[in-house]
1. Could you run the Karplus curve 6.51 cos²θ - 1.76 cosθ + 1.60 with θ = phi - 60° over the range A:116-123 and give me ³J(HN,Hα) per residue in whole Hz, x for Gly and Pro?
2. For a quick check: sort A:146, B:63 by the number of other beta carbons within 10 angstrom, fewest at the front.
3. Does a label point 7 Å from the Cα of residue B:75, set along Cα-to-beta-carbon, have any residues of the range A:209-241 with amide nitrogen under 13 Å, and which are they?
4. If you project the alpha carbons of chain B onto their three principal axes, what span does each projection cover, largest first, in Å?
5. For the range A:174-231, give the magnitude of the charge dipole about the Cα centre (Cβ charges: +1 Lys/Arg, -1 Asp/Glu; no others), in debye to the nearest 20.
6. Quick one: angle between helix A:177-187 and the longest Cα principal axis of chain A, in degrees between 0 and 90, rounded to 10, please.
7. With axes computed from alpha carbons, what is the tilt in degrees of helix A:257-269 against the longest principal axis of chain A, rounded to the nearest 10 within 0 to 90?
8. Rg (Å, one decimal) plus Dmax (Å, integer) for the alpha carbons of the range A:174-232?
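Only the coordinates and a few stated rules stand behind these numbers; no lab work does. Bear in mind that the values here come from a model prediction, so they are computed numbers and not experimental data. With ideal geometry, Cβ positions are generated from the backbone for all residues, glycine too; neighbour counts draw on all protein chains shown.
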Amino acid sequence: MKETMLKSAVCGMALLALPLTASAQEAELVINGEIEVTTEAPAADHMDYIRTVRSGWTFRTGETQALQMDDFDNPGMLYVEQAMSVWNTAEGEAGESCASCHGAPEDMADVRPTLPKWNEEAGEVWTAEMYINDCRENRMQAEAWDWNSQPMRNMTALLSSVSRGMPIDVQIDGPARETWELGKEIYYTRYGQLELSCANCHEDNYDNLIRADHLSQGQSNGFPTYRLKNANIVSLHNRFRGCIRDTRGEPFALGSPEFIALELYVASRGLGLDVEGPAVRN
Amino acid sequence: MAENVTPRVRVPRDASAGEVITIKTLISHPMESGQRRDGDGNQIPRSIINRFTCDFNGENVLDATFEPAISTNPFLEFQATVPESGTFVFTWYDDDGSVYTEEKEIAVS
């Protein structure tokens, strides 16, 4: 009895969801009238259960989608601007700024699509946050930023903004494979009192309604994301934490090896899509 | 005292006479409502942009009063008719007495 009720409820949601997203899917994402972003693509070979990967942008309403199509309208770009001034400001005992080594942020455009990636020297997979803090501590001799601090989120948003429209290009073979496998295991592990894995929502039920909102595929190409709910830039690990919290589980810590592995695996699920961050989402 | 307040405006560079153009403005500002309390329970004093004006060649186009419920980084989009070439002047008035202005030229053919 219970099972049939659940099934009919799920069917009902699927029917409801169709007309709402149909128009949104046809739209194309072009930012500032020049940066064309792929929001729908055939899934990578390693994806067993999804044929087409879709950016979170395709699940949003026209109004929210429009916010991302113009930098003036995208509130996330305010934080990118803040990071721009930090980029050019010397800090720390070495008297260096980001710009003194790296030049313009645009010169770093090929970085974000490849992250997170294997760092040979450190012998582990590194995310943007780790590279930034390595620069700050060792080259600038400045204080490291907290993973979820405002300047860190701003700087990752800046790095992402210069790569918009470039295809996700994470390496999952070679030395990063072990981390990727761990990430995959976490993705399919049920957590919390509700016993939900990432896949239960973002693979089995994307496009269905979760309360009043559409579940997306949980792609990370738009991160760091401007969330209207937070009125601020939200880091990927913070989003992971929110998801696990919603399963009534005990989340891993931001920057933990588990979340770094999950970040790599989720990024690889987005192979075929383009970088969008800072995207605008609910 | 609000920090990092930066006004931004987008006005088309040119238009034809009598055309209705769309103007977008945004000022980065915390817009502290005065209703919130800090960790120690003290009220955080109100600090908002309380008025915005737009003038074109000395003539007032828009004069708006902002209230505390208006969000952080207030974004305002409106339309204006441009009869001739000239300059738009945008002015934001802060609770702390600061006045921020921005000017944009438009050429009408």
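1. Whole-Hz 3J(HN,Hα) from phi for the range A:116-123: x, 9, 5, 9, 4, 5, 7, x.
2. B:63, A:146
3. Under 13 Å, as judged by backbone N against the label point of residue B:75, lie A:226-229, A:231-232 of the range A:209-241.
4. In descending order, the Cα extents are 59, 20, 19 Å.
5. The dipole of the range A:174-231 has a size of about 260 debye.
6. 40 degrees
7. With both axes taken from Cα atoms, the answer is about 70 degrees.
8. Using the Cα atoms of the range A:174-232, the pair Rg, Dmax is 14.0, 42 Å.
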